[in-house]
1. Compare the peptides B:235-242, B:126-133 by average per-residue count of other Cβ atoms within 10 angstrom and give them in order, highest first.
2. Under a Cβ-only charge scheme (Lys and Arg +1, Asp and Glu -1), can you give me the dipole magnitude of chain A about the Cα centre, in debye to the nearest 20?
3. Let me know the Rg and Dmax you get for chain B when you use only its Cα atoms, in Å.
4. If contacts are Cα pairs under 8 angstrom and at least 6 residues apart, what is the relative contact order of segment B:79-159 in percent?
5. Within 10 Å of each Cβ in B:177-189, how many Cβ atoms from other chains are there, averaged over the peptide?
6. Relative to the compact globular guide of 2.2 N^0.38 Å, what is the alpha carbon radius of gyration of segment B:104-148, as a ratio?
7. Can you give the mean number of other chain Cβ atoms that lie within 10 Å of the Cβ atoms in peptide B:237-248?
8. Relative contact order (percent) for chain B, with alpha-carbon contacts under 8 angstrom and 6 or more residues of separation?
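The values are calculated or read from the model by the stated rules, or taken from the named source; none is laboratory data. Not measured: the values here are computed from a predicted model. Positions of Cβ are generated from backbone atoms using ideal geometry, with glycine treated the same way; all protein chains shown enter the neighbour counts. We work out accessible area using only protein heavy atoms, side chains counted, and drop any ligands, DNA or RNA first. Shrake-Rupley method; radii C 1.70, N 1.55, O 1.52, S 1.80 Å.
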Amino acid sequence: MDLVTPALGLVFWTTISFGILLFILGKFAWKPILGALSDRERFIEDSLQKAEAAKEEMSRLTNENESLLKQARAERDQILTDARKVKEQMIVDAKELAHKEGARMIELARVEINNQKAIAMADVKNQVATLSLDIAEKVLRKQFEDHQKQDELVSQLLKEVKL
Amino acid sequence: MYNSSILNSKIFNTFLISALFLLLGVMPKLSIAQEKAAEGAEKPFDPKEVVFEHIGDSHFWPVSIPLMGEHFLSLPVILYTDKGLETFWSGHLLKEEGVKEEPVYKGTHYSYKLEEGKIHAVNEAGEVDKAAKVYDFSITRNVASMWLGMIVLLIVFFAVTAGYKKRAGKAPKGIQALLEPVILFVRDDVAIPNIGIKHVKYMPLLLTIFFFILINNLLGLVPFFPGGFNLTGNIAVTMVLSVIVLVVINFSGNKYYWKHIFTPDIPFWLYPIMVPVELIGIISKPFALMIRLFANITAGHIIVLSLISLIFIFKTAWMSTVSVPFVVFMDMIELLVAFLQAFIFTMLTSLFIGMAVEEHHH
């Protein structure tokens, strides 16, 4: 029966001791320990969330970079194509221009040549006329030194004239 | 080949070391038994006396030093009598070797002597004085060992707290790393599933109860000084713990808790049966806690001591080849029980608190 009869002294001391233990541990051990534990848990959770956010940001940036790169590549291609077109156009234009210029110059040359020719011809004609006149004068002068011959000629010319 | 592998195995070594330690603890008693045997057969070995002496409380703290016999440390005796307070050392009441009569100590108010381990006031003739009222508030072996356990707890947990302060926000180390999983276990697997969001308020109580029971269970398993006491197997200690739990449960009880007791959702003509049952339930829950812890720890100590006593009953050291392996086995189980009972007490406490603070009753 002794075994199941609580002793007064032990009840008294256990109550006091346990109360003091609860107070001291509660204030100086459990509070800081549990506080530190929950702080650390919160920190870990925050860190995980931040890591997740960073990962998302990273993938977003990567996507953005990729699209930027794609865009840049397309732009470059566009520019290159444009440049090629421009170049071809320029070549074509230059050729055409050269053709036209050539033709124009040839035309000009031809006109000049014709002009020169005409001038030369006129000159030659004049020379020939002058020369002919000179010759004719000289001939005539020689021919018409006697009257007989002059008459013959006049008569001959008159005969030739047909009315 | 096979034998040598057994001799070298770790299990065998562990077993050998455990057996040695147990024998060291037992050795003084062995020597006493031999002395007693030498005196003659006038006082046969009484296992019941040994066992009950151990599991009960005492005014002396036995120190067993291997091969040097058993010594008794004096503890302060504090008596509150109807004539006033009385304090003296329990050494005055220690019976000397070979003397049959209990010594009588003459205090300022009364004379005292031990009768079956309890202090009684005695008259001139040495008979128990029934008229004198003596209340014993002595620092007994259990009180002293409880304080020892408390000092261990305080040292350990101040070290743990220092660890948290020193390595704030960093990974735990040393004793802090050892105990953090246990603290987290109490919080995450005991308190939160049973109490829920309101657990924060009860964590100090639950942790203190858990570690108080655990440290005293474990120190009680140490077979030599300063361990080997039976504190958590003492009905006074478990009663105090249960009363604290009882008070906490009923002071935390919300209106649903009280409604469930006084006006449960049953036909009103069942009230005369149900209300008393629920009222008894208020008491019976902590009462079960008290008995469970007391019975488990005491039973373990009784089994271990009975197995040791077999050696003295058979009066042959050869019996130890049977007893010691069994004791080792029992100590392993007791180690499990030490954790288990601390866990169950805390678990049920948080379960009852959880029932009392639950918001929505079915």
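1. Ranking, from highest mean packing down: B:235-242, B:126-133.
2. Taking the Cα centre of chain A as origin, the dipole is about 180 debye.
3. 24.9, 78
4. 24 percent
5. Across B:177-189, the average partner-chain Cβ count within 10 Å equals 1.
6. Working it through for segment B:104-148, the quotient is 1.31.
7. Counting Cβ atoms of other protein chains within 10 Å of each residue's Cβ and averaging gives 3.
8. 18 percent
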